[in-house]
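Since the structure comes first, as structure tokens, the remarks are kept for the end.
The values are calculated or read from the model by the stated rules, or taken from the named source; none is laboratory data. Since we're looking at a predicted model, the values are computed, not measured. No Cβ is skipped: glycine too gets one built from the backbone with ideal geometry, and neighbour counts run over all protein chains shown. Note: accessible area is taken over every heavy atom of the protein model, side chains too, but ligands, DNA and RNA are not part of it. Shrake-Rupley method; radii C 1.70, N 1.55, O 1.52, S 1.80 Å.
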Amino acid sequence: VDGVIQIPLVELLDTTNGLVSGLFSSQDQPFLEELAEEIDSFDLFEVFDKSFDSLTVEQKFELLKKVTHFRSQYYQSYRTNRVFIGLQVKKRITMDFDRKTRIFSRNYSPGTHQVDLSGVFSPEIHYKGKRDLADEFVGIEFHLRKQIPGGTFTANAYRFFELLGTPLEASHTYAVGKIPQFSRDPILEPLAFTEFERRVNFILELSGLFMFKNSVKTVENESGIFFGHLTQPTLSSMYRKIAEYASGKFGSTLDIKSDFKFLYAGLKAGKTLDTPGYWALEIRSILAKSERLTGFMNYLHRAMATQDYFVSIPEMEEWSKTGTIEELSEKIGQ
């Protein structure tokens, strides 16, 4: 999930050792003196061994922005390393609830509670985008993971940040599963999964139109297509990639980088995921935060986890008749 830096978000942040010094690594040594001179609201070396929380919110803002600026000038780029070095999510925070609240599989009565985040947030924090390292630091990206259905978890995440006082700007939600062996039919099983992807994107695109009045349009930036709907060439390319993997062309590794990331339900596999042998649908739209789609999101989570894509091999056999990977990749794109 992405968030523009605001006061409530800063309350989530800590350094790796809880001290101001924990924000820094050996790579920062060459510019520490210069950084200290640039900071207006406090003396960096006076607070260096004090608690990060001893700083005011405004002082934290200034420190995070200026250390980011120096790192971008000296050694760090978004393309090679988007991690905010030395920064992490607190293991627990204090929250006030005015009513009974269930969040992240735990119930809270009205009142003040210590909310445990250690089993929900990955400690590592990323910069939100390229401009946060290249131009001006404005946002960060959190990674949340928990073994509950994706739709329910996403609804919980949005509720959490709303209770924190900073509604999320955007989120990407994953439905993860093991990559099938495709041992039954390396031609038709990839075809069935590609048809599943077509149906999922179709539903999400229509939901965007009717539920949120979104236009189904392509959004581009300097790197190419950033977000868009499923097209014939993309569907053909997706089937070809999966079918060639199933036929042994890529050995034991299916590596899908950002080829299909821009879709409403993108597809990722390989080094872009934490665990080898897995792939994931990435739901990349405002739809991810809609509680009206929680059930559908949970369905996608279940389909990927069980490898039951609700598209049968006989159905694909009847539709395709016979054909090579190349012929079927053209046909499914029509």
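Just a few scattered comments:
- Subset of segment 178-211 [of a type in the set (Ser, Thr, Tyr) and over 14 Å from VAL311 (Cα atoms)]: SER183, SER207
- Which numbered condition TYR74 fails, given (1) of a type in the set (Phe, Trp, Tyr); (2) touching a helix residue (DSSP H, G or I) at 6+ places or on another chain (Cβ under 7 Å); (3) surrounded by 15 or more Cβ atoms within 10 Å (Cβ to Cβ): (3)
- Close pairs (7 angstrom Cβ cut-off, 6 or more residues apart or separate chains): more than 17 Å from LEU191 (Cα to Cα) in segment 241-268, open to solvent by 70 Å² or more (accessible area, probe 1.4 Å) anywhere: ASP255/LYS271; PHE262/ILE225; PHE262/PHE226
- As for segment 31-38, it holds no residue that is touching a residue at least 12 places away in the same chain (Cβ under 8 Å), in contact with a Ser or Thr (Cβ under 6 Å, 6 or more places away or on another chain) and surrounded by 16 or more Cβ atoms within 10 Å (Cβ to Cβ).
- Number of positions in segment 152-178 that are farther than 17 Å from VAL115 by Cα, in a loop (DSSP other than H, G, I, E, B) and open to solvent by 20 Å² or more (accessible area, probe 1.4 Å): 3
- Those residues of segment 87-138 which are open to solvent by less than 30 Å² (accessible area, probe 1.4 Å), over 20 Å from the mean Cα position of the chain (by Cα) and closer than 16 Å to GLU11 by Cα, in sequence order: ILE93, MET95, VAL115
- Restricted to segment 218-237, and to residues there that are in contact with a Gly (Cβ under 7 Å, 6 or more places away or on another chain) and either of a type outside the set (Gly, Ala, Ser) or open to solvent by 70 Å² or more (accessible area, probe 1.4 Å) (or both), the residue that is modelled with the highest pLDDT is LEU235.
- Counting only helices (runs of 4 or more DSSP H) wholly contained in segment 31-128, the ones carrying 3 or more residues that are under 24 Å from ALA157 (Cβ atoms) occupy 57-74.
- Considering the conditions (1) open to solvent by 50 Å² or more (accessible area, probe 1.4 Å); (2) assigned to a helix (DSSP H, G or I); (3) under 21 Å from ILE203 (Cβ atoms); (4) not polar (S, T, N, Q), ARG240 is excluded by exactly one of them, (3).
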